[in-house]
Amino acid sequence: MIGVGTDSPVCEIQIRKTGRAEIQVTSDTGIAALTIGREAGFSNTNNAEFRYGGGLGATYSSDQSLDIINYGIGNFNYHLSAANAG
């Protein structure tokens, strides 16, 4: 496990700070992306991508677009206050 600002991380990678904590993924000329899912590599059949900077195959995407893409066949869900059903 990796801990930044903590000696006892509670997950594989944890960043802990009293003030603002930030992770940056940037590119000078191409797409900057964070991919999560259940596959390694670039097959894009069982993962999702949060990216900035457009890309081929994404309608309405441009160099200044923010894209949230589900490459799987499942739903795109969001939950408000998921820990508090009341």
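The values are calculated or read from the model by the stated rules, or taken from the named source; none is laboratory data. Not measured: the values here are computed from a predicted model. Neighbour counts run over all protein chains shown; Cβ positions are idealised from the backbone, glycine included. We work out accessible area using only protein heavy atoms, side chains counted, and drop any ligands, DNA or RNA first. Shrake-Rupley method; radii C 1.70, N 1.55, O 1.52, S 1.80 Å.
Screening the chain for strands (runs of 3 or more DSSP E) wholly inside it with 3 or more residues that are under 19 Å from the mean Cα position of the chain (by Cα) and at pLDDT below 90 returns no ranges. The set of residues in segment 23-58 that are open to solvent by 100 Å² or more (accessible area, probe 1.4 Å) and over 30 Å from residue 5 (Cα atoms) comprises 29, 42, 56.
The C-beta contact set for segment 60-86 (first residue within 26 Å of residue 25 (Cα to Cα), second residue of a type in the set (Phe, Trp, Tyr) and open to solvent by 60 Å² or more (accessible area, probe 1.4 Å), distance under 6 angstrom, 6+ apart or interchain) comprises 66/52; 68/50; 70/76.
When residues in segment 1-22 are screened for being open to solvent by 100 Å² or more (accessible area, probe 1.4 Å) and either polar (S, T, N, Q) or under 27 Å from residue 70 (Cα atoms) (or both), 3 of them pass.
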